[in-house]
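Here the structure is laid out as structure tokens; the discussion comes afterwards.
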Ligand code: HSE
């Protein structure tokens, strides 16, 4: 039996819309065996068929390599919540493509895997950190994805608020401004580079400045009813920065201080008793066979 563990991811991290993401210390596990017929356990009934994203990704990887589809027995243990902006679809895509690689000896490199996963996801900012771990910036050129991986300062703590409601990525992508000016582009390039250094060096002041996004967060905050209150609480309790994780609904407060993280966590737990809150770290390991 093959068991693959894939980390959750936070995409965008402020200004890095569709470019930047980080792996998190929250995981989904997937078990696979080649089988006579498709069998899926551990997920709602509506996903127990060929439309399951893990299966579609497995199949897509086989097709890309010119191999015959062989059915699977699959068991999912999803620690990453669905449709909350923590990369749950990327965990499924990465697991499916990696399973095809392992079970059929496709000989794909990590770079190949990220390129196939990005074709399925549309942008690399969740799948690339899910595969490589750490903080990853990526772009596609001529059908391939080029990633730059950075190690995060281990002091970063991401106090995470996961609402009990979802924001559909499809809807959240519709509200983002389509055309941006040269000055917005210059602003964003500089801020993304600042984010990389802030995350790498544990620089709270730089993170505060670099995290200021103009591409998506000003539009998406309206889709998350608790955004303003959560942001105010996070900043009042000492967070260096506050941002929407991926397309939401999850929000994160970043700090290098354990004491500050505890304060933010208790403020979130007290104010939002119906939601889930937890402290996560940036995980330096990507998806792996375990
Ligand atoms: N970059 C993507 C977005 C991540 O913000 O829409 C969510 O899939």
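Just so you know, all these numbers are worked out from the coordinates, no wet-lab data involved. Just so it is clear, the model here is predicted, and its values are computed rather than measured. Note: ideal-geometry Cβ built from the backbone for every residue, glycine included; neighbour counts use all protein chains shown.
Things to note:
- Extension gain for the segment residue 179 to residue 197, taken as residue separation times 0.36 nm less the Cα-Cα distance, is 3.7 nm to one decimal.
- Folded to 0 to 90 degrees: helix 110-121 orientation relative to the chain principal axis, Cα: 80
- For the chain, built as a Gaussian network whose Cα springs stay under 10 Å, the top-fluctuating residue of 148, 181, 257: 181
- Using R0 = 22 Å, the C-beta based FRET efficiency linking residue 46 and residue 68 works out to 0.20.
- The ranking of 13, 224, 93 by Cβ neighbour count inside 10 Å, starting from the fewest, reads 224, 93, 13.
- Normalised contact order of the chain, rounded percent, pairs of Cα under 8 Å and 6 or more residues apart: 26
- Sorting 201, 121, 141, 270 by the number of Cβ atoms found within 10 Å of their own Cβ, with the fewest placed first, yields 141, 270, 201, 121.
- More than 22 angstrom apart: percent of Cα pairs within the range 1-160: 38
- Kirkwood's formula applied to the C-alpha pairs of the range 157-280 gives a hydrodynamic radius of 15.0 angstrom.
- Considering only 259, 119, 279, the mean-square fluctuation computed in a Gaussian network model of the chain, springs between alpha carbons under 10 angstrom, is largest for 259.
- Maximal additional length on extending the residue 270-residue 38 stretch stands at 79.1 nm, based on 0.36 nm per residue less the C-alpha distance.
- Sorted largest first, extent of the range 199-238 alpha carbons per principal axis (Å): 32, 25, 12
- Using the alpha carbons alone, the radius of gyration of the chain stands to its Kirkwood radius in an Rg to Rh ratio of 0.97.
- Sorting 55, 40, 264 from the fewest to the most surrounding beta carbons within 10 angstrom yields 40, 55, 264.
- The range 157-280, relative contact order [Cα under 8 Å, separation at least 6], %: 41
- Between helix 258-271 and the chain: long-axis angle, C-alpha atoms, 0 to 90°, nearest 10: 80
- Inter-label distance for residue 82 and residue 153, nm, one decimal - labels placed 7 Å from Cα along Cα-to-Cβ: 3.8
- CD proxy at 222 nm, helix term only [per DSSP H run n ≥ 4: -39500 (n - 2.57); per residue of the chain; nearest 500]: -11500 deg cm²/dmol
- Considering only the chain, percent of DSSP beta bridges that pair antiparallel, nearest 5: 95
- Rounded tilt (10° steps) of 182-201 against the dominant C-alpha axis of the chain: 80
- Each principal axis of the Cα atoms in the range 164-225 has its own extent, and those three values, largest first, are 33, 33, 15 angstrom.
- Here the extension length gained between residue 186 and residue 2 equals 61.7 nm, from 0.36 nm per residue of separation less the Cα-Cα distance.
- Residue among 44, 124, 81 with the largest mean-square fluctuation in a Gaussian network model of the chain, springs linking Cα atoms under 10 Å: 44
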